[in-house]
Amino acid sequence: MVLVVSLSSCKTESNNQVSDCVDWCWEYYKQHPKGFTLNIRTCEEVKEGIVVSYKATQNNFGKEGLKASIIHALSHCGIIGGWFDQESNLYYFDSDTLFEETMLEQALEWARKNNQKSVFVLSTQETVTCQ
């Protein structure tokens, strides 16, 4: 399935554009049931870096959670992540920030400050637990 809606509608915070972005990201999520990371400003999948979620968008699920994460992301780093948690059987949506892959300690420190349990290294698809 090819997505027809352009993600370029995610570049600002107007209600219609946020709504279009939610719809686009929702369709993207359906095609990526295990997880995804998107830069909603450049309309591209993020494939490198260490992803860390903001505390402010923790526990966001469903379309309303996706919308809240998109609104947050538009005023922060512009990165949206989605991931399926097998323990809770819920699909989470987060506003994220990125660190270079050489900055693991800084990413883990930022994660701890944002009450995150782990960070995710995109290039290796590895979850690193905060200790």
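Could you please find all residues in segment 33-52 being open to solvent by less than 50 Å² (accessible area, probe 1.4 Å) and either charged (D, E, K, R) or closer than 18 Å to Ser123 by Cβ (or both)?
Passing the criteria: Gly35, Phe36, Thr37, Leu38, Asn39, Val46, Gly49, Ile50, Val51, Val52.
Consider Glu64 carefully, then state whether it is among the acidic types (Asp, Glu), at pLDDT below 95 and out of contact with any helix residue (DSSP H, G or I) (no Cβ under 8 Å at 6 or more places or on another chain). Explain how you work it out, then say what you get.
Working: among the acidic types (Asp, Glu): yes; at pLDDT below 95: no; out of contact with any helix residue (DSSP H, G or I) (no Cβ under 8 Å at 6 or more places or on another chain): yes.
No.
What is the residue count in segment 83-109 for residues that are modelled with pLDDT under 95, among the small types (Gly, Ala, Ser) and in contact with a strand residue (DSSP E or B) (Cβ under 7 Å, 6 or more places away or on another chain)?
Residues that pass the stated criteria total 0.
Please verify whether segment 6-17 includes one or more residues that are open to solvent by 40 Å² or more (accessible area, probe 1.4 Å), at pLDDT 90 or above and either in a helix (DSSP H, G or I) or at negative phi (or both).
No: segment 6-17 contains no residue that is open to solvent by 40 Å² or more (accessible area, probe 1.4 Å), at pLDDT 90 or above and either in a helix (DSSP H, G or I) or at negative phi (or both).
Restricting the search to segment 79-131, which residues are more than 15 Å from the chain's Cα centre (by Cα) and at positive phi?
Selection gives Asn89, Asn115.
Restricting to segment 46-69, give me the number of residues that are under 13 Å from Ala111 (Cβ atoms) and either in contact with a Ser or Thr (Cβ under 6 Å, 6 or more places away or on another chain) or among the aromatic types (Phe, Trp, Tyr) (or both). Reasoning before the result, please.
Of the residues in segment 46-69, the ones under 13 Å from Ala111 (Cβ atoms) are 50-55, 58.
Among the residues that remain, those that are also either in contact with a Ser or Thr (Cβ under 6 Å, 6 or more places away or on another chain) or among the aromatic types (Phe, Trp, Tyr) (or both) are: 51-52, 54.
Selection size over segment 46-69: 3.
The values are calculated or read from the model by the stated rules, or taken from the named source; none is laboratory data. Every value quoted in this text rests on a predicted model; they were computed, and no experiment measured them. So basically every Cβ, Gly included, is an ideal-geometry build from the backbone, and we count neighbours across all protein chains shown. These area figures cover heavy atoms from the full protein model, side chains too; ligands, DNA and RNA do not enter into them. Shrake-Rupley method; radii C 1.70, N 1.55, O 1.52, S 1.80 Å.
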